[in-house]
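Structure record follows, encoded as structure tokens.
The values are calculated or read from the model by the stated rules, or taken from the named source; none is laboratory data. The structure displayed is predicted, hence computed values, not measured ones. All Cβ positions, glycine included, derive from the backbone under ideal geometry; neighbour counts span all protein chains shown. Ligands, DNA and RNA are excluded from the accessible area calculation, which covers all protein heavy atoms including side chains. Shrake-Rupley method; radii C 1.70, N 1.55, O 1.52, S 1.80 Å.
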Amino acid sequence: MDNRQYVGIDIGGTKIEAVLVDGEGNVLNTGRIPARPGAQNVLEDVIAIARRMGGEPAAVGVGLPGQVDSVNGVVRDIVNLDIVELELGREAGEALGVPVQVENDVNAAALGAVALIDDEIGADDTVVFLNFGTGLAAGVVRDGRVERGHSGAYGEVGHIPVDPNKYLCNCGQRGCLETVTSGGSVAKLWPEGDPPLPDLIAKAKAGDEHALEVFGIVQHGLADTVQVVAQAYDPRLIVLGGGMAKTGRPLVDMIVEELERREATSHFLKSLHLPDRLRLAPVEQPIGAIGAALAAPRV
Ligand SMILES: [Zn+2]
């Protein structure tokens with residue numbers, strides 16, 4: 001049993017969320033401040049919110065977007081926050097006097113989501129967390145740890161170029177899954193409603209012709225994404241997270257409808273029972289910050 005406390009911090013483009021947790025992962029305190037761009041501001045904000053959490057944390061974990069080098073504690077190329085490079089692990093660690101671990105934000109959210117739905121997950125089970133945010137990426141957790149791969153690109157399924165519409169992607173390829181299934185791309189394909197996905201679903205259900213067309217593109221891409229991670233990683237569960245998961249049950253329904261259409265002509269696909277393995281992430285909770293606390297060093 002771990003009697004120590006940990007701080008977890010989730011840095012987004014607009015806000016910074018933090019939690020203080022005990023060794024069992026129970027949340028003891030929470031906090032939130034607006035994010036300010038610039039490396040020096042981000043460093044100061046991390047130090048300030050970690051101190052504000054109180055308690056006696058043994059270590060701190062921080063989840064961030066961009067290129068995150070967890071081994072060396074360095075983050076690079078966070079466009080939203082105007083950061084080229086920041087040695088966050090070392091600099092925040094020196095100021096706070098405890099080890100500070102940096103982690104990719106999708107991986108941190110994956111750890112947090114798995115911890116909050118762990119009653120269904122065995123120790124050896126693999127869980128895939130799909131982050132439908134500005135972009136699309138997967139965090140893959142096995143035995144309570146995130147998979148990293150050879151270059152850290154493990155789970156970058158958003159840039160698999162398979163979509164027949166061949167829209168241009170930020171990465172320079174065409175037809176990436178991200179161009180039809182991320183929150184950012186749905187907002188581009190359906191620039192009505194705030195948020196756009198519930199509006200798109202409602203108008204498609206009402207029979208609007210253009211809405212039906214866009215709905216079909218997004219639905220097809222979502223089912224492709226689920227199949228890619230299901231067949232590549234064969235996880236126990238596929239957890240739907242990120243901003244688009246706030247759509248709730250209608251998001252799951254739209255994926256299941258397409259999977260069932262495909263299953264009708266494929267024994268193979270039906271045998272995988274994919275609809276049974278889908279879950280919504282508990283997006284009303286600060287899963288990114290909780291997961292960052294779980295990523296904090298235990299030594
Ligand atoms: Zn791409």
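Results, tabulated for the structure shown:
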| quantity | calculated |
| --- | --- |
| Cβ-defined net charge surrounding Val100, 11 Å radius [Lys, Arg +1; Asp, Glu -1] | -3 |
| Packing rank of 91-102, 126-137, 159-170, 257-268, where each peptide gets the mean count of other beta carbons within 10 Å, highest leading | 126-137, 91-102, 159-170, 257-268 |
| Helix axis angle, 39-52 relative to the chain longest principal axis, alpha carbon, degrees | 70 |
| Lysine pair number, Cα distance threshold 19 Å (strictly under), the stretch 118-280, separation 8 or more or different chains | 5 |
| Cα centre as origin, Lys/Arg/Asp/Glu Cβ charges: the stretch 9-126 dipole, Debye | 580 |
| Dipole magnitude of the stretch 118-280, debye to nearest 20 (Cβ charges: Lys/Arg +1, Asp/Glu -1, about Cα centre) | 280 |
| Of all DSSP beta bridges in the chain, antiparallel share, percent nearest 5 | 60 |
| Accessible solvent surface per residue of the chain, calculated while the other protein chains remain in place, 1.4 angstrom probe, Å² | 47 |
| Lys/Arg +1, Asp/Glu -1 at C-beta; the chain dipole; positive extreme among Ala95, Pro250, Val79 | Val79 |
| Listed residues Val226, Cys171, Gly149: farthest to the positive end of the dipole of the stretch 145-228 (Cβ charges) | Gly149 |
| Accessible carbon and sulfur surface of the stretch 119-210 relative to its total accessible area, %, 1.4 Å | 48 |
| Ordering of 173-183, 139-149 by packing [mean C-beta count within 10 Å, highest first] | 173-183, 139-149 |
